[in-house]
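The values are calculated or read from the model by the stated rules, or taken from the named source; none is laboratory data. From a predicted model like this one, the values you see are computed outputs, not experimental measurements. All Cβ positions, even for glycine, are placed from backbone atoms using ideal geometry, and neighbour counts span all protein chains on display.
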Amino acid sequence: MLSVYEGFFSGGARIVHSDVVMGLQEGGRHRQQVLSLHAEVHREATRQRMEDDACYRALTAAGVPVTALGRSFGAGDPGHRLPFTGRELAGTARAMAGADVVLSLKEQPLALLNQRGLPRRPVIVCLHRSDPEHQGSALDDLRTAIADGTVVACVCCAESTREAYRAAGVPGDLLHVIPNGVDLLRFRPDAARRAALRDTLGIPHTAPVVVFAARYDGMKNVPLFLRAARAWLAHEGEGHVLMCGAGMTASNPGLLADISAAFGADLSRLAPRLHPLGVRRDMENLYAASDVVALTSAWGEAAPLCLIEGMMCGAVPVATDVGDTAAIVSGHGILTPPDPDSIALAWTGALAGRADFGPALLRSRERFSRTRMIAAYADLIDRVHAEATLPPLTEPL
């Protein structure tokens, strides 16, 4: 199997997909390789080299070969928009020649896989958003790949994804929902991790903590989150707020401007309890150390990984209603309108009701299991491969 990535950069879709690739490799039935269009990207005010990425390191450590076409993306570099060269197409053809089935991480790699002259292999596209109309030419590339028979199936990580792509014209029989799952051994309540992380950040063991795991992107509605954080920190005198993800650092001038605008005259008083931590490789520790996992996204989300990982570590989810968040949060946390005061009150309510939400979070663990997710991917891949290898039908004499 060949998985094609647009690039290696921080984000839930890449984490989920890389976990699937590693899980299939561990199962022994599917031999994996990965091809990345970009060797580095500059986005969310962060330069992200493939070799530095946690998913890249995990894949290669698991024995999955990873190669790249060598392109760059962002920071004024137009290379990602240039036509594919003969060398790039030849490298792609070699990678595809050794595969029986191709997985495309989201629809962006289809700009490459739609190129003429490449080996014909059945392609499964893995879709992780609920806004197909707002991703440039990607939806057109998907429609083209479906029309010529290149794409034979689409994995949707959420029901909202399936409904959005069906409404955009993708045939319903191609759309298969496989909900996101996480490693339940890694993501679990852990008192030792909780204490150690809080000690590292100088947060008292009894302090209430909210975590916001998101890249610095418009869809995440960071200004709304920060206005809620100001209201909550002003009310919760012992509270702390953790922010992690690409661009969530003091070196990002955009984030600093957002913090200044949101906190206003309270900046010097409240900012010491706001912790911008950037990209982290120990998310299980941050979630275990937190009481509430927050999401304030305005669009695009499908099944946000941060909510699932945080829930499995015992944090109560509080989220705006976007994608499948209502179904994920139902019975486990609180859904809020996109209003900072309402969100701050919901964080306080989640803290007060944490003991009540605990049993439901424990009962839901199997539903969000990585094992369940990988088994479903393996079943779909096997069916696609079996159908691709069926002998052609012959006309009766």
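Brief remarks on what is shown
- Scan of segment 202-221 for residues that are in contact with a strand residue (DSSP E or B) (Cβ under 8 Å, 6 or more places away or on another chain) and either β-branched (Val, Ile, Thr) or without any contact (Cβ under 8 Å) to a residue 40 or more places away in the chain (or both), ordered by number: ILE203, ALA207, VAL209, VAL210, VAL211
- Flag: VAL41 does not match the condition of being assigned to a strand (DSSP E or B), buried (at least 17 other Cβ atoms within 10 Å of the Cβ) and modelled with pLDDT of 95 or more.
- Filter pass, GLY237 being in a loop (DSSP other than H, G, I, E, B), without any contact (Cβ under 8 Å) to a residue 12 or more places away in the chain and either farther than 26 Å from TYR377 by Cβ or not assigned by TED's automatic domain parsing to the domain that holds PRO276 (or both): yes
- Residue list for segment 173-203, filter: in a loop (DSSP other than H, G, I, E, B), touching a helix residue (DSSP H, G or I) at 6+ places or on another chain (Cβ under 7 Å) and over 18 Å from ALA302 (Cα atoms): ASP183, LEU184, ARG186, PHE187, ARG188, PRO189, ASP190
- Residue in segment 242-263 that is among the hydrophobic types (A, V, I, L, M, F, W, C) and without any contact (Cβ under 8 Å) to a residue 12 or more places away in the chain present: yes
- Helices (runs of 4 or more DSSP H) enclosed by segment 107-172 - at least 1 residues per element that are over 22 Å from GLY300 (Cα atoms) and of a type outside the set (D, E, K, R): 110-113, 138-147
- Residue check, ASP356 more than 17 Å from PRO179 (Cβ to Cβ), exposed (fewer than 14 other Cβ atoms within 10 Å of the Cβ) and charged (D, E, K, R): yes
- LEU286 vs. criteria assigned to a strand (DSSP E or B) and surrounded by 14 or more Cβ atoms within 10 Å (Cβ to Cβ): no
- Selection status of THR161, more than 19 Å from VAL16 (Cβ to Cβ), of a type in the set (S, T, N, Q) and surrounded by 15 or more Cβ atoms within 10 Å (Cβ to Cβ): no
- Number of the condition not met by ALA58 [criteria: (1) in contact (Cβ under 8 Å) with a residue 12 or more places away in the chain; (2) out of contact with any helix residue (DSSP H, G or I) (no Cβ under 8 Å at 6 or more places or on another chain)]: (2)
- The one condition in (1) more than 26 Å from the chain's Cα centre (by Cα); (2) within 28 Å of ARG47 (Cα to Cα); (3) not aliphatic (A, V, I, L, M) that ASP266 fails to fulfil: (2)
- Matching option when the condition is surrounded by fewer than 16 Cβ atoms within 10 Å (Cβ to Cβ) and within 23 Å of HIS385 (Cβ to Cβ), among ASP140, ASP148: ASP148
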